[in-house]
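One structure below.
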Amino acid sequence: MQFHSFDATYVENLCAGDFATEEHFVRYFTELLHLKLRSRLQSSQAIESVRQETFARVFESLRKGEVLRQPERLGAFVNSVCGNVLFEHYRSSSPVDSLDEEGQPELPAIGIDALGHVAREQLKRKIREILVDLPQRDRSLLKAVFWEEREREEVCREFGVDREYLRVLLFRANQEFKRAYLKRVRTGIPAKRV
């Protein structure tokens, strides 16, 4: 990007509504404001909103006759207006604590809601359905480690393997589970009842 130096003629043309000057101003400062705003705002809509509000305020200020005493400082003026607009955006988009009758902030809900509960139960059912399709050893191993969350040492004793080989068996069982899951998703295979 090439930086532009501003002078009194440029600012006068801007105040007078000269189309070419306005077009240059918008193109030039759009690029600069995007550099500033994209690291501070998450959405492109918010960036565009702050940019447009900045331009509107700068044009309004200049057209009211509030002439810059130092036209070469037009860039600093636009930047400070953008900073103010950005600050207002932060304040308007930050959550405000609602207060109950005693003037205390509301406590956040703990746990999952009804929809979350239903989704969790559906996921558990799908996992059980896929486990039924796996070989007995893989099914038992995955259930012991992930479903029942048993200690690895206990699982090693039950399967008669050391921890290193248990890791290998778990990897293979996970791969089988993943294959069965992807096959079910791609083909829409009806599940076996558990």
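Among 54-63, 164-173, how do they line up from the highest to the lowest mean number of other beta-carbon atoms within 10 Å?
Working: 54-63: 16.5, 164-173: 14.3.
Listed from highest to lowest mean packing, they are 54-63, 164-173.
Rounded to the nearest 10 Å², what accessible area does residue 15 show when all protein chains are kept and the probe is 1.4 Å?
Rounded to the nearest 10, the figure is 40 Å².
What's the extension gain from residue 16 to residue 39 if we count 0.36 nm per residue and subtract their Cα-Cα distance?
Full extension from residue 16 to residue 39 adds 4.9 nm.
Express in Å², to the nearest 10, the accessible area of residue 18 obtained by rolling a 1.4 Å probe over the protein heavy atoms while all chains stay in place.
Counting only protein heavy atoms, residue 18 exposes about 60 Å² to solvent.
At a 1.4 Å probe radius, carbon and sulfur cover how many percent of the accessible area of segment 1-70?
Answer for segment 1-70: carbon and sulfur cover 48 percent of the accessible area.
The values are calculated or read from the model by the stated rules, or taken from the named source; none is laboratory data. Computed from a predicted model, the values in this text were never measured in an experiment. Glycine gets a Cβ as well: all are built from the backbone with ideal geometry, and neighbour counts include every protein chain shown. These area figures cover heavy atoms from the full protein model, side chains too; ligands, DNA and RNA do not enter into them. Shrake-Rupley method; radii C 1.70, N 1.55, O 1.52, S 1.80 Å.
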